[in-house]
Amino acid sequence: MTAAEPLMRMRLRVEQDIFAVRQLGREVARAVGLESQDQTRIATALSEVGRVLLGAGSETDVTFTVEPYGVPTLQVTMAYSATGGTPRLAEQLQLVGRLVDTMEVDDEGAGTTVRMVRRLPLGAPALTPIRMDEIRASLARHVPGSPLDELAVQNRQLIAALNEVRAQRDDLARLNAELEETNRGVMALYHQLSDELEETNRGVVALYAELDEKSVQLRAASEAKSRFLANVSHELRAPVTAIIGLGRLLTDSSSDQLTEEQSRQVELIRASASDLLTLVNGLLDLAKAEAGRIEPNWSQVDLKAVFGQLRGTLRPLATRPEVEFVVDEPAVPTLRSDEVLLAQVLRNLLTNALKFTEAGSVRLSVRPVGDEVEFVVADTGIGIPPQLQERIFEEFYQVPGSKPVSGKGTGLGLPYARRLAGILGGGLRVDSAPGEGSTFTLQLPVTS
Ligand code: ADP
């Protein structure tokens, strides 16, 4: 701990001394390293406090000390010794307090003490004991000027302060103008950006509205198509069935004997009607599947039984000795699915394979693959060119020039099979090489 070191003392007795204390204050402030503005602040604070205290009618002791260590400060104590105090002193000195860092007014005891502290700037010369002695010596040599001299100094300081204020005001005005300019720029940019954003938003909203409208139209068109197909095929079924029945009646042995030519023609009519019925039934199935009117009947399907049934029903179609028809033992025993729909897809694929295979083999198998099972129908038939491998899933599409080895087709089997695969929660794909064969894979999920 080090005590503050006293630097100078003086006593205020008469009004003239206020000038003296003012000058002394400035000198001390300069000597300890305070800047010119701070010197004026200290001088003004001292003359104000002195004026107030002297006005209260008593002599005042002024002591200048410095605290050279830690945070170096200049401290001034002005003690007013008479009893009775100064009314509203703290209030009167409120403005003066702003000129220093701290100001305390103590009027508890016999007299009143005002203590002011101002921090010294960082760059101020160190207040070593030698420096302190030098300061004391120079202050002792100080000859106080006349009130007129002090007035001149004050005027100079006032002019300097006014100049500074004006310069600061000009600076402020310039800064404000710049700020305003920047603000205008920022606002313009903001408006431009928000306009662009709004424009883009409007575009996106319009695009979405159009998309919505288009998808509603698309859905309506697809529903209309399915409805039309369902109605037409339904209406056609009855007359076509009637034609087949009538044809059978005409060729029945109990009917009148027809000539050979008549028999041939009636047979032709029956065959055509039968083809038409197949087509109508296919259309009706597809329309139902597309309209979402097929609800799977979920159950644990015994694949061994399904495979056995397919083996039995399709064996009669595999009439060519050059084609080996193989239905493997299922590697997956059961699967949660719809037995009828599953059998229908596999039957379609196997029928196609038998239709388009002249020699070699047609094979059905099933295998587990990850979370799924895959039913594979592989043949060694004519194959399908790569660019048509997706088209064969379109309604009525048949590969040009692909004549079935046996039977006929409507071009509805594969689109229907793919729909059913979707309804069962899976998918249907093909791998094929012309002249080598085709492999159709029905992949279905395993659900418990
Ligand atoms: P369909 O067999 O009644 O003509 P599909 O929709 O079942 O109708 O098949 C469409 C077309 O795909 C067939 O006409 C045929 O050209 C081709 N296709 C289907 N399966 C095979 C296959 N296993 N091998 C070669 N071509 C096939």
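Read-outs throughout are calculated quantities, based only on the coordinates presented, and are distinct from any laboratory measurement. Since the model is a prediction, treat every value here as computed from it, not as a measurement. Quick reminder, even Gly has a Cβ in these numbers, built from the backbone with ideal geometry, and neighbours come from all protein chains shown.
Defining a contact as two alpha carbons under 8 Å apart and six or more residues distant in sequence, what relative contact order in percent does the chain show? Kindly include the intermediate steps, with their values, before the conclusion.
Working: 623 pairs, mean separation 41.5, N = 448.
After rounding, I find 9 percent.
Return the FRET efficiency for the residue pair N281, E198: r is the Cβ-Cβ distance, R0 is 60 Å, and the value is rounded to the nearest 0.05. All intermediate terms of the calculation are to be shown ahead of the outcome.
Details: r = 57 Å, r/R0 = 0.95.
E(calc), rounded to 0.05, equals 0.60.
What length, rounded to one decimal in nm, is gained on full extension from S36 through to A238, with 0.36 nm per residue of separation minus their alpha-carbon distance? The partial results should precede the final answer.
Numbers: separation 202, 0.36 × 202 = 72.72 nm, distance 11.67 nm.
Full-extension gain reported as 61.0 nm.
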> Could you give the nm distance between label points at S215 and E322, where each point is 7 Å from its Cα heading toward the beta carbon?
Replying inline: 5.1 nm
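Quick check on packing: order 257-269, 405-417 by the mean number of other C-beta atoms within 10 Å, highest mean leading.
Working: 257-269: 11.5, 405-417: 17.8.
Descending packing order for the listed peptides: 405-417, 257-269.
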> Arranged by the count of other C-beta atoms within 10 angstrom, fewest first, what order do I130, I42, I294, I382 take?
Replying inline: I130, I294, I382, I42
> So how many Å³ per residue does the convex hull of the Cα atoms of the chain work out to?
Replying inline: 371 Å³
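What helices does the chain hold that run 27 Å or longer along their axis, going by alpha-carbon atoms, with a Kyte-Doolittle average of 0.0 or more, using DSSP H for the helix calls? It would help to have the intermediate numbers written out before the result.
Numbers: long enough: 36-55 (28 Å, 0.05); 147-251 (150 Å, -0.23); 260-290 (45 Å, -0.04).
Taking the DSSP H segments of the chain (at least 27 Å long, mean hydropathy at least 0.0), we get 36-55.
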> Using a simple spin-label model with points 7 Å from Cα along the Cα→Cβ vector, what separation in nm is obtained for T447 and E395?
Replying inline: 2.7 nm
> Where a Cα-Cα gap under 17 Å defines reach, which aspartates and glutamates qualify for K214, not counting those fewer than 8 residues away within the same chain?
Replying inline: E223
> Under the definition of Cα pairs under 8 Å and six or more residues apart, what whole-number percent is the relative contact order of the range 338-448?
Replying inline: 33 percent
> Relative contact order for the range 147-293: what is it in percent, counting Cα pairs under 8 Å that are at least 6 residues apart?
Replying inline: 26 percent
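So how do L246, L193, L277 line up by other beta-carbon neighbours within 10 Å, fewest first?
Numbers: L246 14, L193 10, L277 17.
In order of increasing Cβ crowding within 10 Å: L193, L246, L277.
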> For V143 and R174 in the same chain, what is the full-extension length gain: residue separation times 0.36 nm, less their Cα-Cα distance, in nm?
Replying inline: 6.7 nm
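Which length gain, in nm to one decimal place, applies between S254 and D106 when the Cα-Cα distance is subtracted from 0.36 nm times their residue separation? If you can, show how the numbers build up before the last one.
On the way: separation 148, 0.36 × 148 = 53.28 nm, distance 14.22 nm.
Stretched fully, the S254-D106 segment lengthens by 39.1 nm.
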